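Laboratory data are not the source of any read-out in this text; all were calculated from the coordinates shown. Keep in mind that this is a model prediction, so the values were computed, not measured. Every residue, glycine among them, receives a Cβ derived from its backbone with ideal geometry; neighbour counts consider all protein chains shown.
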Amino acid sequence: MKYVLMLIAILALLILIPILVIMFNIFGARDYFLNAINPIDIIEFDSSVEIRPDVDSHPLLDETQEGYLETIGIDPVTLPAEITPAMQECGLEALGADRVQELLSGSMPTLSDIMNAQHCLE
């Protein structure tokens, strides 16, 4: 009797596992659990900001950088047009020398960069 119950349990598992795998794929749970969530997909962009890639809104930023800032709700016109030595020192402390050099070379600022160095621009 004990062996019969074990056999029934094993058969039930062999039937149940493929059913669960099929259900897992059908309802899209596979993609949810197996794929990494891109943080950029979570951020809600401010669609009311007009992106003007042909207008130079800020003398220290190129058009691509200005467009990126506008998509996340930052108007480049509101940023300082001149970087003081105190701002430079604060930026170095907030982001590190390597990242500051990347940004000066034209790298796109990340949301993390903006959040970490925002207080330096005030």
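Mind listing whichever residues of the stretch 69-79 are surrounded by 12 or more Cβ atoms within 10 Å (Cβ to Cβ) and not hydroxyl-bearing (Ser, Thr, Tyr)? Outline the logic, then answer.
Residues of the stretch 69-79 surrounded by 12 or more Cβ atoms within 10 Å (Cβ to Cβ): 69-76, 79.
Of everything in the stretch 69-79, those that are surrounded by 12 or more Cβ atoms within 10 Å (Cβ to Cβ) and not hydroxyl-bearing (Ser, Thr, Tyr) turn out to be LEU69, GLU70, ILE72, GLY73, ILE74, ASP75, PRO76, LEU79.
Among the residues of the stretch 80-117 satisfying the criterion of being aliphatic (A, V, I, L, M) and surrounded by fewer than 12 Cβ atoms within 10 Å (Cβ to Cβ), which is farthest from SER57 (Cα to Cα)? Full working, then the answer.
Step one: filter the stretch 80-117 for residues aliphatic (A, V, I, L, M), giving 81, 83, 86-87, 92, 94-95, 97, 100, 103-104, 108, 111, 114-115, 117.
When the remaining residues are screened for being surrounded by fewer than 12 Cβ atoms within 10 Å (Cβ to Cβ), the result is 81, 86, 97, 104, 115.
Details: ALA81: 10, ALA86: 23, ALA97: 26, LEU104: 17, MET115: 21 Å.
Checked the stretch 80-117; the qualifying residue farthest from SER57 (Cα to Cα) is ALA97.
Of the residues that sit in the stretch 62-101 and are free of Cβ contacts under 8 Å to residues at least 24 places away in the same chain and not in a helix (DSSP H, G or I), which one is farthest from GLU122 (Cα to Cα)?
Per the stated criteria, the residue is GLY96.
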